[in-house]
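Structure first, commentary second.
The values are calculated or read from the model by the stated rules, or taken from the named source; none is laboratory data. Owing to the predicted nature of the structure, the values given are computational and were not obtained by experimental measurement. All Cβ positions, glycine included, derive from the backbone under ideal geometry; neighbour counts span all protein chains shown. Ligands, DNA and RNA are excluded from the accessible area calculation, which covers all protein heavy atoms including side chains. Shrake-Rupley method; radii C 1.70, N 1.55, O 1.52, S 1.80 Å.
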Amino acid sequence: KQWYQRRVAITAGERKGRTSYGDCIHPCNARKGCEYMANKYDGNRYDTTIKIPYNLAEGVYILQYMSAMSAHKTFYYSCARLKIVGGEPSLPCKRTGLAPVAHGCMAGTAVPLTKYEQNTKMGDFCFSPKGLGDQDADMSRVPINPECDPRITCQLSVNSKQCMSEDNKMKDIVDSWDPKQTCKGEIVPPPEPTCSDGIKNNGEQMVDCGGPECEKCFEEPTEPVDTRIYKSLDYTQKQWEDGNINIRAVVTVSKDANDWRYTMFFTKAVDIRTFWGCKIISHNDFKTIWTFGPQHWTKKIKPGQVIQLGFNGKFEADGEYPECVTKNFRAYDPDAY
């Protein structure tokens, strides 16, 4: 019995240089035929592979899914009809809790993530012949139909001409009711993600650290309230789909200091290329922690003084925007470091 997964055209993939925010021209960041999703932490599931429960009685079933795009106020629904044979309904498959939202699902601007789980429950399904198991356990295995192309055709696009120019393989899909590609050579599983492959994958918080599998990332910079030398720190950030980012910080000083340091901690790499009101002191290898110091005319500060800082940079345009999780403005004493 081929109990392992069949590829299902379902909703996205972490595709380099693509967006995952729904504001793109079809096929957006969906995979080609002859490629397949092999990492359950890939938050954008344009195509995926799933295990069929072992405990279903023989019969015909409907597989339904729902998804939403960031700016759309309603869910999208789709379904497929499945014929199941050889199941074992006597397996103990009781589950509790709400149906989980897919790994990496992003907060939308129209449909709150809480609505995905509202009035749902975990299905009493077994994805292992011995018990509960994991629906995504066999995701890295090559599906039985890797030639399936979930992008269908450019007829679905709001700009079919651009759709065709984005990837010339689209023209090879001749039947939108049975979309396929001709695979060249053997389809093999991609390498298993590791904590040293230099890629942010497998649910990692940053490249090769954090998440469910890797060691915790380096500690975020912190500052106790009683050691702060500022009254307020106003931070604004703008970013664009092409990977450009602009940051401004306005600091109102509350204590005297002969020198200072300003540190920003990002959730993904940011390559800060230009800056004003300060100078670079250091950054870590991942370019996620940046520390800046004063120009000579702002080195010595007094209460009430306003320090204005600005930064321009680049980040990988993969649909995930960097978030500055910690800002730190502190007095600097070279004898203490």
**OP:** Give the ranking of His296, His283 by solvent-accessible surface, highest area first, calculated with a 1.4 Å probe.
**Re:** His296, His283
Original post:
DSSP loop GluC sites (Glu not before Pro) in the range 251-337 with at most 14 other Cβ atoms within 10 Å of their Cβ, which ones?
Top reply: Glu323
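Determine the per residue accessible area of the range 277-337 with all protein chains present and a 1.4 angstrom probe, expressed in square angstrom.
On a per-residue basis, the range 277-337 sits at 55 Å².
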Original post:
What full-extension length gain, to one decimal in nm, is calculated for Asn244 and Leu63 as 0.36 nm per residue of separation minus the Cα-Cα distance?
Top reply: 61.1 nm
Original post:
Whose amide H sits under 5 Å from the amide H of Ile289, counting only residues 5 or more places off or on another chain, with H placed in the peptide plane?
Top reply: Phe266, Asn284
Subject >> Out-of-range pairs (alpha-carbon distance over 18 Å; input Lys200/Lys238; Lys51/Lys130; Lys238/Lys327) >> reply: Lys200/Lys238
Original post:
What does the accessible area of Asp242 come to, in Å² to the nearest 10, when a probe of 1.4 Å is used?
Top reply: 90
Original post:
For the range 178-323, what does the alpha-carbon gyration tensor say about shape, rounded, prolate or oblate, given a ≥ b ≥ c as the root eigenvalues, a/c under 1.5 as rounded, and a/b over b/c as prolate?
Top reply: prolate
Subject >> Restricting the range 138-210 to trypsin sites (Lys or Arg not before Pro) in coil, as DSSP defines it, with at most 11 other Cβ within 10 Å >> reply: Lys184
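Order Trp260, Trp276, most accessible first, counting only protein heavy atoms with a 1.4 angstrom probe.
Working: Trp260 0, Trp276 95 Å².
Largest to smallest exposure gives the sequence Trp276, Trp260.
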Subject >> Accessible heavy-atom area order of Leu56, Leu82, highest first, probe of 1.4 Å >> reply: Leu82, Leu56
Subject >> Karplus (6.51, -1.76, 1.60) ³J(HN,Hα), θ = phi - 60°, over the range 290-304, in Hz, Gly and Pro reported as x >> reply: 10, 10, 10, x, x, 6, 5, 7, 10, 5, 8, 10, 10, x, x
